[in-house]
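Chemist: Please read through the structure below; I'll follow up with questions.
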Amino acid sequence: MPTSDYTHMKVVLIDDNDMVRDSLKSALKEFGFSIESFREPLKAIDWIDKNGADIIISDICMPKCDGFEVLKRVKAIDPSCAVIFITAHGQVDTAIRALREGATDFFEKPFTTEALSTAIERTSRFRILYQQKELLTQKVNILSSELLTQKNPRNLIIGKSDGIKKVAESIINVADTTATVLITGESGTGKELAARAVHVASSRKDKHFMTVNCPSVPEELFESELFGHRKGSFTGAIETKGGYVQAAEGGTLFLDEIGDLPLKSQAKILRLLEQKTYLPIGENMERVADVRVIAATNQRLDELVSKKQFREDLYYRLKVCSIVLPPLRDRKDDIPLLATHFVLQFASEMGKPIDGIDPEALSKLTEYSFPGNIRELRNVIESSIIHCKHTGQMTASDFPDSLVGLPEPSTSEWSFKSLNMDEVTRELITSVLEQTNSNVSAASRMLGISRGKLRRALESLKIEA
């Protein structure tokens, strides 16, 4: 018997033989399918055009309109509609032509209704996968084009949970204002994606979106990188160079991981926000800055303010509009959609014959806490696709061994070999990386520092992660 997942499909039966048609309709109803039957193909096509259909079971040899014409017209109405041919003239060349022209199955009379029922169920499953793939392919295309012709950023944000709907509503509300936006959330939750959604949904969408990764810019070069400089204004300034603010003119300047900015650099940002002007190094005339500033951080800026590590005036200037991105563990309803999206995306990019992900694998994903959030989910799927050797749906056996949950940090006493600060730091970081399977985002949270600070420590101590 077919499962309830498939019995809701609209099945249309077309056969000019009344006895065959009535017999099949009666038998398939016993299997739980809802059947519409027609003697005349043209009437069936009109009904399908008005009401839609999921699966067509059609005879081939019929007067006025044969099965191949039915196939052609049905595919013109709905390319995803599946067609199963039944015929008393089951020649090999006919079967080959049927499959080449888009039929999903072919049965020679006589055949058992059990076999046809199984074919319907199988075809239904492929139709569901096709619809999911088409939906997610559209999302991939929208993402890759950055919604340049779209207004609604919901198409950029994949998810259906209440938390992500709230994020999308916030993006819509702030998009066409000129207010500074502060986006907060754990590492890997999609803060840059949210920032791009604000930009694309705004009137500035046709201008540049410039990203500045604050921790990656050395403090002594920050002012030059941001505002530009004149030739000869300092040692090494061998040519005049514009900065990020000039490049983002008329568009959006995204300051990622702003919580890692040194206090001196924070002052430069504050003046830009308050005065809407900036001064390139080596010039004596301020320039007006027509940029919309969006900042993001995975840190609690209010706590940094209380520790005198972040300017209070800058904090309140940034926090004019706030968007908080929920961690993936708080939006588990979105994991199946995100996972399927990544499966289809990477399978397409790598040319792998993977068309979905099975329920057991989805269940395993939803049970996992994903300390690295969407970035970790994406990496898991990409790694799984790379190593997947079979066709069809991805299974739980394709996942990396690390997808079993991260261990809790050890509470046993540390046994340091030295009290040298670098050695102690090296041993601590190495131990945490081992516990987190080299997941930098998870390790930074366990250590209580930002991802940027951890990466700088890794580079300084020459630790490979």
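Chemist: Is it fair to say Thr252 is outside the structural domain of Leu377 (by TED's automatic domain parsing), within 28 Å of the chain's Cα centre (by Cα) and more than 28 Å from Arg451 (Cα to Cα)?
Modeler: no
Chemist: Next question, about the same structure. Scan Thr123, Thr137, Thr118 and give me the residue that is among the β-branched types (Val, Ile, Thr), modelled with pLDDT under 85 and touching a strand residue (DSSP E or B) at 6+ places or on another chain (Cβ under 9 Å).
Modeler: So the residue among Thr123, Thr137, Thr118 that is among the β-branched types (Val, Ile, Thr), modelled with pLDDT under 85 and touching a strand residue (DSSP E or B) at 6+ places or on another chain (Cβ under 9 Å) is Thr123.
Chemist: Checking the conditions here, which among Val293, Val320 is surrounded by 14 or more Cβ atoms within 10 Å (Cβ to Cβ), at pLDDT 95 or above and outside the structural domain of Ala361 (by TED's automatic domain parsing)?
Modeler: Exactly one residue qualifies, and that residue is Val293.
Chemist: Another question, if that's okay. Assess whether Glu286 counts as being in the same structural domain as Gly372 (by TED's automatic domain parsing) and surrounded by fewer than 16 Cβ atoms within 10 Å (Cβ to Cβ).
Modeler: Judged against the criteria, Glu286 is not a match.
Chemist: I'd like to check something: does segment 310-328 contain any residue that is in contact with a helix residue (DSSP H, G or I) (Cβ under 7 Å, 6 or more places away or on another chain), outside any strand (DSSP E or B) and free of Cβ contacts under 8 Å to residues at least 24 places away in the same chain?
Modeler: yes
Chemist: Hey, any hits in segment 89-109 for a residue that's modelled with pLDDT under 80, in contact with a Cys (Cβ under 9 Å, 6 or more places away or on another chain) and not in a strand (DSSP E or B)?
Modeler: yes
Chemist: Could you please let me know if Ala361 is surrounded by fewer than 19 Cβ atoms within 10 Å (Cβ to Cβ), of a type outside the set (Val, Ile, Thr) and free of Cβ contacts under 8 Å to residues at least 40 places away in the same chain?
Modeler: When the stated conditions are applied, Ala361 does not pass them.
Chemist: Got a sec? Which of Phe370, Phe342 is modelled with pLDDT under 90, touching a helix residue (DSSP H, G or I) at 6+ places or on another chain (Cβ under 6 Å) and at positive phi?
Modeler: Of the residues listed, the single one that is modelled with pLDDT under 90, touching a helix residue (DSSP H, G or I) at 6+ places or on another chain (Cβ under 6 Å) and at positive phi is Phe370.
Chemist: Does at least one position in segment 202-225 carry a residue that is under 21 Å from Arg375 (Cβ atoms), small (Gly, Ala, Ser) and out of contact with any Gly (no Cβ under 6 Å at 6 or more places or on another chain)?
Modeler: Within segment 202-225, one or more residues are under 21 Å from Arg375 (Cβ atoms), small (Gly, Ala, Ser) and out of contact with any Gly (no Cβ under 6 Å at 6 or more places or on another chain).
Chemist: Could you list, in sequence order, all residues of segment 82-100 that are surrounded by 14 or more Cβ atoms within 10 Å (Cβ to Cβ) and over 24 Å from Ser23 (Cβ atoms)?
Modeler: Arg97
Chemist: So if I check each of Lys205, Lys231, which one is assigned to a loop (DSSP other than H, G, I, E, B), under 28 Å from the mean Cα position of the chain (by Cα) and of a type outside the set (A, V, I, L, M, F, W, C)?
Modeler: Answer to the selection: Lys205.
Chemist: Do we have any residue at all in segment 255-278 that's part of a loop (DSSP other than H, G, I, E, B), at negative phi and under 28 Å from the mean Cα position of the chain (by Cα)?
Modeler: Within segment 255-278, not a single residue is part of a loop (DSSP other than H, G, I, E, B), at negative phi and under 28 Å from the mean Cα position of the chain (by Cα).
Chemist: Tell me, yes or no, whether segment 6-24 has at least one residue that is modelled with pLDDT of 80 or more, under 37 Å from the mean Cα position of the chain (by Cα) and in a helix (DSSP H, G or I).
Modeler: no
Chemist: Just to be sure I understand, how many residues within segment 162-193 are small (Gly, Ala, Ser) and farther than 14 Å from Pro327 by Cβ?
Modeler: Residues flagged as small (Gly, Ala, Ser) and farther than 14 Å from Pro327 by Cβ within segment 162-193 amount to 4.
The values are calculated or read from the model by the stated rules, or taken from the named source; none is laboratory data. As the structure is a prediction and not an experimental result, all values here were calculated from the model. Reconstructed Cβ throughout: ideal geometry from the backbone, glycine too, with neighbour counts over all protein chains shown.
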